[in-house]
Each structure stands twice: as structure tokens, then as C-alpha cells.
Amino acid sequence: MTANTPIHSPQTRGRRKLAALLAGGLVASVGVISTLASWNDSEFAGATFTAGHFDLEGSTDGGLTYAQHPTVDEPGVLTFEAPAENLSPGDWAGGEFTVRLAKGTTHNALVRVEGAGTTGALTGVAVYLWRDLEGSCAGKPYDVDNSMGFSMDGATYRGPKVGLSKGATVDEAGEELTLCFAVSGGDRLPQGQTGSYLWKLSAESVAD
């Protein structure tokens, strides 16, 4: 028996070529699509921010010891020389309060003295406040020209803001600012009256 040999007509061979061309075309199309892919890369940036520290502290013993006096209920009690407890017209009595920026403070400050309240009777009583620029609060307020406040009959008039520097490093306290007080009894001072002043030192941070 003779094996059957496929007979390919020209039309059959043409279809095979066409199929082969179509197949080749598909492969070629896939190759073109693959060239459209791109590389990707990314960069990220970030930062951490930390706030500074600001702390004012005061001394009632001439700068020997410092403490916090943060509220009207915890004021630093000032000691005035005689005759503050036996005042008469024409008398003068002095006192002082020292402040500084505490260790760890990272900014300088502007400081202002303001009235924070009174109790009792203060008729005829005047209180003068000024900065100690000479190393001593001795003398009268008219001897100086750096007034930081004035009080009369219980009304307080605040003075200008003054600069206060932080320490050279965060491990050092800042410069000291001593406030001098002079209390005067005027001609209208009644006998036997007692009254108290309360002052507030307001400090605000400033850029270096």
C-alpha cells in the first residue's frame, strides 16, 4: 500500500504563510509594548523640630539662692529695711528683688514690672522701682534714671521693658537683674494703717 502524501495546493501554502506572518506580527507587537515600560526611583526628606526652654527665677536674699515664684499665691516675700514696719511721713525704706533666666533657658528676655494687686490701706504710700546698675540699691530713686515702675496710693504705673540675657551655655544661668525698691511715707499717711503691694515681673522671650 502506498502511503498517502498530503497534497498542498498553492492556496493552502498561502494560508500557512499568512498564518505565519500573523503569528510573527503578534510577537512583534508584544515586543513593541514591552519597550514602553519605565524605571522608577524615589527620594524622601524629613526633619524633627524641638522647642526651646524659657524659665525666669527670683531671689529675695540678694542672689544667694533662687527659687520659683510662679503665682500670686506664692510670691517671693521681700524684706525691707527699717522703718518699713513703723513708717511715718518723710521716712524711706529700701528693699530689693533679683531675677535671672535659669539654667537651660535657650532665649534672651524682655522683663517688665507690673502691678498685680494690693491689700489693706495704702494712702500716702509711694513705692519707686528701678534697676540696680551700680551694684547696690542704696540711695533714693531720684538718684537714678532707669526707673522700672512707680506706685502711689495702691495704683501701680509700670515702667519700660528691659533686656535680660541667658547664660553663655544651657548649663549656666543668665545675668542677674536686681530691682531696687524705695518706700516712702507721704504727708497724707494715716496713723496705724497697714497695706501690701504685689508686683508681677513679666518676662517674654526674644530672638538672639
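The values are calculated or read from the model by the stated rules, or taken from the named source; none is laboratory data. Here the structure is a predicted model, which means the values were calculated and not measured. In this analysis, Cβ positions are derived from the backbone assuming ideal geometry, glycine residues included, and neighbour counts consider all displayed protein chains. Just so you know, the surface numbers come from the protein's heavy atoms only, side chains and all, with ligands and any DNA or RNA stripped out. Shrake-Rupley method; radii C 1.70, N 1.55, O 1.52, S 1.80 Å.
For the condition more than 26 Å from ASP73 (Cβ to Cβ), in contact with a Gly (Cβ under 9 Å, 6 or more places away or on another chain), of a type in the set (Gly, Ala, Ser) and surrounded by 15 or more Cβ atoms within 10 Å (Cβ to Cβ), what is the one hit in SER184, SER205?
Sole residue among the options that is more than 26 Å from ASP73 (Cβ to Cβ), in contact with a Gly (Cβ under 9 Å, 6 or more places away or on another chain), of a type in the set (Gly, Ala, Ser) and surrounded by 15 or more Cβ atoms within 10 Å (Cβ to Cβ): SER184.
Quick check on THR105: is it hydroxyl-bearing (Ser, Thr, Tyr), in contact with a Lys or Arg (Cβ under 6 Å, 6 or more places away or on another chain) and within 25 Å of GLY63 (Cα to Cα)? When the stated conditions are applied, THR105 passes them. Checked against (1) assigned to a loop (DSSP other than H, G, I, E, B); (2) without any contact (Cβ under 8 Å) to a residue 40 or more places away in the chain; (3) more than 28 Å from the chain's Cα centre (by Cα), ASP187 meets all criteria but (2).
Does ASP171 satisfy the condition of being more than 27 Å from ASP73 (Cα to Cα), open to solvent by 70 Å² or more (accessible area, probe 1.4 Å) and at pLDDT 90 or above? Spelling it out, ASP171 is indeed more than 27 Å from ASP73 (Cα to Cα), open to solvent by 70 Å² or more (accessible area, probe 1.4 Å) and at pLDDT 90 or above.
Could you check, for the stretch 91-101, whether at least one of its residues is of a type in the set (Lys, Arg) and more than 25 Å from ALA168 (Cα to Cα)? Before the answer, list the steps.
First, the residues of the stretch 91-101 that are of a type in the set (Lys, Arg): 100.
Narrowing further to those that are more than 25 Å from ALA168 (Cα to Cα): none.
The answer is no, given that none of the residues of the stretch 91-101 is of a type in the set (Lys, Arg) and more than 25 Å from ALA168 (Cα to Cα).
If you check THR106, THR118 for being in contact with a strand residue (DSSP E or B) (Cβ under 7 Å, 6 or more places away or on another chain) and of a type in the set (Val, Ile, Thr), only one passes: THR118.
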